[in-house]
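See structure below.
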Amino acid sequence: MISELKPEAIKGKRVLLRCDLNVPLSKDDNGELFIADDGRIRASIPTIEFLLKEGAAIVICSHLGRPKGERNSELSLRPVAQRLSEILKKEVKFADDATSETTLSVTNDLKPGEIVLLENIRFEPAETSKDENERKEFAAKLSKLADFYVGDGFGAVHRKHASVYELAKALPHATGKLIAAEVAVLQKLTVNPARPYTVVLGGAKVSDKIGVINNLLKKVDRIAIGGGMVFTFLKAKGYEVGKSLLEIESLDTVNSILNKARDLGVEILLPTDVVVAPNFADESPSVVSITDIPVDQIGLDIGPESAKNFAAAIESSATVFWNGPMGVFEFSNFAEGTRRIAEALTNVNGLSVVGGGDSAAAVRKLGFKDSDFGYISTGGGASLEYLEGKELPGLLALQ
Ligand code: AMP
């Protein structure tokens, strides 16, 4: 069991709150960075408000992107501090780093109800170091910034990083409201889920999803597959896939997944038609049967017949988990499969879960509201690893 966040534990204390404020950033026409989707910031608000209500002083830390241990102005959390301040309608101070004397004195002087956000924790090489001692040393420095640790960065719990794992162990700790909510939903997906249970997987890489497919085969009734990863499945079934994404090295594994599914009586739903184009660009779409994918074309979305079949499978299910777009939804010509699947999830009479930061950003970009779904998870990799049955360091440390 993960430790619950209780008012008496944090009342009037200096709390280091590990959030996942890893939001997608885009550039406007003037080259200025802006936050393309603030879902992860909004998901962090309930814990922050709870801490404020109990009179805690809050030091927030998070990562943003993958700066690989180096400062990178394009991955600064400064715009996130501003957005957080707008949402909370109160000042959010910003510290330029995590452990300098200046930052230490800012956090020391923090009064109850005040908030400081630390600069991107992954600018510090020790945060993601493979060397456990380096991570421990860094966590010991971070622990000086607060009296108590609250873990709430669900999107990072599958990472054994200093601010996720070692720091939780170095301070008295509790689990934030976001992680508690995420885990409660994942438990519903893994312990006696209502049936029929359908999982929909898409996105680019098969190899990322093999573990989760293998584990889910024992638990679900159907797995519908789309996105770039489906072409390795189609190839394994003997179809030609033209210039579509293909992971030749995963063909054997995919074949064994197909055999295992057949033995277990799990339906693997694959597209019957796809939308192809001559180039990886937002132009010249045409719909073809999977038996006729031209050698010089790339499959960039599932076709209308497939979307209809997938939607019917989803809408007749009592539990649905979806991770990964059905096509290159960033191009409007290839977004319809993903839009149709999102729409089907909104019609589920039961639990519908959209898993992952990218899938969440995709459904919002396509005009859906968070409240249209049963739950939108903030963590892609973290949800998948949980469903894969792996132990997640960031949850272990909070026990
Ligand atoms: P992932 O991070 O593995 O969930 O992959 C998400 C990405 O997969 C999105 O950016 C999509 O554009 C991309 N994607 C989806 N379908 C395809 C496809 N058929 N070919 C290439 N990329 C795709």
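The values are calculated or read from the model by the stated rules, or taken from the named source; none is laboratory data. Because the structure is a prediction, the values reported are computed rather than measured. Cβ placement follows ideal geometry from the backbone for every residue including glycine, while neighbour counts extend to all protein chains displayed. Ligands, DNA and RNA are excluded from the accessible area calculation, which covers all protein heavy atoms including side chains. Shrake-Rupley method; radii C 1.70, N 1.55, O 1.52, S 1.80 Å.
The figures follow:
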read-out	value
Test: V320 is away from the ligand (no atom under 16 Å from the Cβ), over 30 Å from Q187 (Cβ atoms) and not in a helix (DSSP H, G or I)	no
Checklist (1) buried (at least 18 other Cβ atoms within 10 Å of the Cβ); (2) more than 16 Å from the ligand (Cβ to nearest atom); (3) more than 23 Å from K219 (Cα to Cα) applied to F231, failing item	(2)
Cross-chain or 6+ apart pairs with Cβ under 9 Å, region 378-393 first and on the phi > 0 side of the Ramachandran plot and outside any helix (DSSP H, G or I), then small (G, A, S) and open to solvent by 10 Å² or more (accessible area, probe 1.4 Å)	G389/G211
Any hit, region 234-241, residues being open to solvent by less than 60 Å² (accessible area, probe 1.4 Å), part of a loop (DSSP other than H, G, I, E, B), within 20 Å of E305 (Cα to Cα) and within 11 Å of the ligand (Cβ to nearest atom)	yes
Residue match in region 72-89 (condition: open to solvent by 90 Å² or more (accessible area, probe 1.4 Å), modelled with pLDDT of 95 or more, part of a loop (DSSP other than H, G, I, E, B) and closer than 26 Å to S129 by Cα)	no
Check on V295, outside any loop (DSSP other than H, G, I, E, B) and either within 17 Å of I225 (Cα to Cα) or touching a residue at least 12 places away in the same chain (Cβ under 8 Å) (or both)	no
Filter result (touching a residue at least 60 places away in the same chain (Cβ under 8 Å) and over 19 Å from the mean Cα position of the chain (by Cα)) within region 216-233	D221, R222, A224, V230, F231
Scan of region 333-353 for residues that are within 12 Å of the ligand (Cβ to nearest atom) and either of a type in the set (S, T, Y) or more than 17 Å from D273 (Cα to Cα) (or both), ordered by number	T338
Some residue of region 61-71 being in a strand (DSSP E or B), modelled with pLDDT of 95 or more and surrounded by 20 or more Cβ atoms within 10 Å (Cβ to Cβ)	yes
Candidates A307, A281, A311 - the one that is free of Cβ contacts under 8 Å to residues at least 40 places away in the same chain, within 14 Å of the ligand (Cβ to nearest atom) and open to solvent by less than 40 Å² (accessible area, probe 1.4 Å)	A307
Which listed residue is open to solvent by 10 Å² or more (accessible area, probe 1.4 Å), more than 16 Å from the ligand (Cβ to nearest atom) and within 21 Å of the chain's Cα centre (by Cα), from K169, K177	K177
Number of positions in region 264-292 that are part of a strand (DSSP E or B) and β-branched (V, I, T)	6
Members of region 90-116 that are basic (K, R), closer than 28 Å to K27 by Cα and assigned to a loop (DSSP other than H, G, I, E, B)	K90
Residue selected from region 190-207 under the condition within 16 Å of the ligand (Cβ to nearest atom) and crowded, with 17+ Cβ neighbours inside 10 Å, by the criterion nearest to L234 (Cα to Cα)	V206
